[in-house]
Amino acid sequence: MSTSFGAQPSGSISKSEFLSSLPRWRRWLSRFNWHPVVEYEIREIEFERRKIGFENRKIEHEKRMQQLASEIEQIEKETEQLQKENARLAQINSMLERFEREHLSGSIPPPSTGGSCS
């Protein structure tokens with residue numbers, strides 16, 4: 001028997017004809033309206049969503065790490081500046097102490113700041 005393209009069966013067949021053409025196990029699954037392709041696609045979609053969520057969390061983590069690195073850099077700059085200022089203040093303090101020892105050592109009375117005029 002040869003197959004000719006001219007004599008094709010009609011495109012629509014009944015549900016019972018379709019089910020009878022399926023293997024027994026597939027007919028049994030069709031009772032539950034189970035479609036392995038749809039289930040596979042749903043799993044694929046869920047996997048892609050999880051993958052996208054993971055990528056989003058990864059990007060957020062990288063942004064946060066960059067932000068923290070920037071904050072650490074800023075704190076280090078401020079610490080360095082404060083150390084310079086502390087060194088400068090210590091130098092000024094030592095100069096002031098030396099000045100007080102040399103000029104205010106009690107041999108010279110402090111100037112009076114007012115009081116009685118005679």
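The values are calculated or read from the model by the stated rules, or taken from the named source; none is laboratory data. Just so you know, these numbers come straight off a predicted model, no measurement behind them. Each accessible area value is taken on the protein alone, full model and side chains, heavy atoms only, with ligands, DNA and RNA left out. Shrake-Rupley method; radii C 1.70, N 1.55, O 1.52, S 1.80 Å.
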In sequence order, calculated HN-Hα J values of segment 44-54 (Karplus, 6.51, -1.76, 1.60; Hz; x Gly/Pro): 5, 5, 4, 4, 5, 4, 4, 4, 5, x, 5
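How much accessible area per residue does segment 47-109 have, in Å², with a 1.4 Å probe?
98
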